[in-house]
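The values are calculated or read from the model by the stated rules, or taken from the named source; none is laboratory data. Remember, it's a predicted structure, so these values are computed and weren't measured experimentally. Neighbour counts run over all protein chains shown; Cβ positions are idealised from the backbone, glycine included. For the accessible areas, the whole protein counts, side chains as well, though only heavy atoms, and no ligand, DNA or RNA atoms are used. Shrake-Rupley method; radii C 1.70, N 1.55, O 1.52, S 1.80 Å.
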Amino acid sequence: MDERIFTVDDLNVGEQVRVDRWISKSESEFTRSMLQKLIKNGMVTVNGKNVSKSCTVKNNDEVKVIVPEPTELDVKPQNLPIEIVYQDSDLLVVNKPKGMVVHPAAGNYDGTLVNALLYHCKGQLSSINGVIRPGIVHRIDKNTSGLLIVAKTDRAHFGLAEQIKAHTFTREYQAVICGKLKEQSGIINAPIGRHPVDRKKMCVTEKNSKPAKTEYAVLEEFNGYSLIKLKLYTGRTHQIRVHMAYIGHPVFGDDVYGRPSKLCEGQCLHAKKIGFVHPIDGKYYEFDSELPDYFRAVLDKLRKL
């Protein structure tokens with residue numbers, strides 16, 4: 001463990017500041033969300049006493065921060081082909097193929113994006129989410145293709161997680177849906193929670209749910225289907241798939257919220273664009289990906305119907 005000790009000496013007379021705010025301002029390596037997690041886990045003390053996140057400090061207070069060692073990763077690296085769109089010492093952006101699971105789960109510890117990342121990044125991934133999900137800041141479904149951001153360092157992970165929590169990430173998708181929408185554009189604002197009967201599914205519900213907002217616009221119409229682009233304002237599990245099924249236009253090929261199709265194995269959904277403020281250099285980055293082969297093949301077939 002790394003133990004850091006600071007003495008508060010830069011406040012005005014009588015001024016008191018929250019401990020997480022003071023540390024993050026004085027020591028840029030710590031973000032406030034990172035500190036709040038450390039405080040919750042009893043890793044921050046003021047004058048030798050454990051504190052809550054609402055604790056304030058004043059001049060001459062001694063603040064101690066204990067940063068635990070990263071958890072040793074047990075998931076095995078695998079030399080699997082992945083498309084790295086961008087990378088630096090703190091993060092990378094990958095273009096995940098359809099059919100690849102993002103992280104290992106019970107009984108499925110091989111062939112995932114995490115296995116590939118551990119190989120290509122030589123184990124240099126953030127440890128925030130433990131041994132099963134190192135570096136994973138957000139996820140996309142197995143049968144959804146597209147752009148995903150991965151953190152190499154804990155500091156980058158906390159900074160990116162703050163943006164996701166604040167809904168300031170740019171996340172745009174394209175999907176083929178069943179039917180034609182009445183309006184060429186619109187916003188679906190409906191809370192999403194766990195399905196009351198089938199616990200593997202999500203649904204629009206007022207009970208034990210969280211707000212969810214999706215914006216859509218029609219790009220092209222076919223005989224009984226439509227190509228649309230979507231913008232996520234929130235990031236709930238299966239959000240696009242649930243919202244589109246909720247308004248009666250499930251994602252084409254979705255065998256959970258719609259119906260399967262011989263033209264597409266799993267849903268025809270692609271995370272096309274991602275944008276974020278780099279948590280270290282403060283610059284805005286945005287990446288766009290081409291529609292993958294499976295997606296273009298579906299469009300070609302639909303155009304011939």
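Output the residues belonging to segment 197-208 that are within 28 Å of Pro292 (Cα to Cα) and open to solvent by 90 Å² or more (accessible area, probe 1.4 Å). Selection gives Lys200 alone. Scanning segment 183-196 for residues that are open to solvent by 70 Å² or more (accessible area, probe 1.4 Å) and modelled with pLDDT under 95, we see that the one that is nearest to Lys229 (Cα to Cα) is Arg194.
Report yes if some residue within segment 72-80 is of a type in the set (Val, Ile, Thr), in a strand (DSSP E or B) and open to solvent by less than 40 Å² (accessible area, probe 1.4 Å); otherwise report no. Even if it seems obvious, please write down each step before you answer.
Narrowing segment 72-80 to residues of a type in the set (Val, Ile, Thr): 75.
If we keep only those that are in a strand (DSSP E or B) too, we end up with none.
Within segment 72-80 (the criterion being of a type in the set (Val, Ile, Thr), in a strand (DSSP E or B) and open to solvent by less than 40 Å² (accessible area, probe 1.4 Å)), the answer is no, since none of the residues qualifies.
Would you check which residues across segment 168-182 are open to solvent by less than 30 Å² (accessible area, probe 1.4 Å), over 15 Å from Tyr246 (Cβ atoms) and over 20 Å from the mean Cα position of the chain (by Cα) and list them? Within segment 168-182, just Val176 meets the criteria. Screening the candidates Arg259, Arg199, Arg236 for the property of being touching a helix residue (DSSP H, G or I) at 6+ places or on another chain (Cβ under 8 Å), among the basic types (Lys, Arg), part of a loop (DSSP other than H, G, I, E, B) and at pLDDT below 95 yields one hit, Arg236.
Per-residue answers, yes or no, for (1) touching a residue at least 12 places away in the same chain (Cβ under 8 Å); (2) open to solvent by 50 Å² or more (accessible area, probe 1.4 Å); (3) among the acidic types (Asp, Glu); (4) within 23 Å of Leu160 (Cβ to Cβ):
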{"site": "Arg21", "(1), (2), (3), (4)": "no, yes, no, yes"}
{"site": "Lys25", "(1), (2), (3), (4)": "no, yes, no, yes"}
{"site": "Ser54", "(1), (2), (3), (4)": "yes, yes, no, no"}
{"site": "Lys58", "(1), (2), (3), (4)": "yes, yes, no, no"}
{"site": "Val65", "(1), (2), (3), (4)": "yes, no, no, yes"}
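Among Tyr285, Tyr216, which is the only one that is assigned to a strand (DSSP E or B) and either farther than 27 Å from Val137 by Cβ or open to solvent by less than 30 Å² (accessible area, probe 1.4 Å) (or both)? Testing whether each residue is assigned to a strand (DSSP E or B) and either farther than 27 Å from Val137 by Cβ or open to solvent by less than 30 Å² (accessible area, probe 1.4 Å) (or both) leaves just Tyr216.
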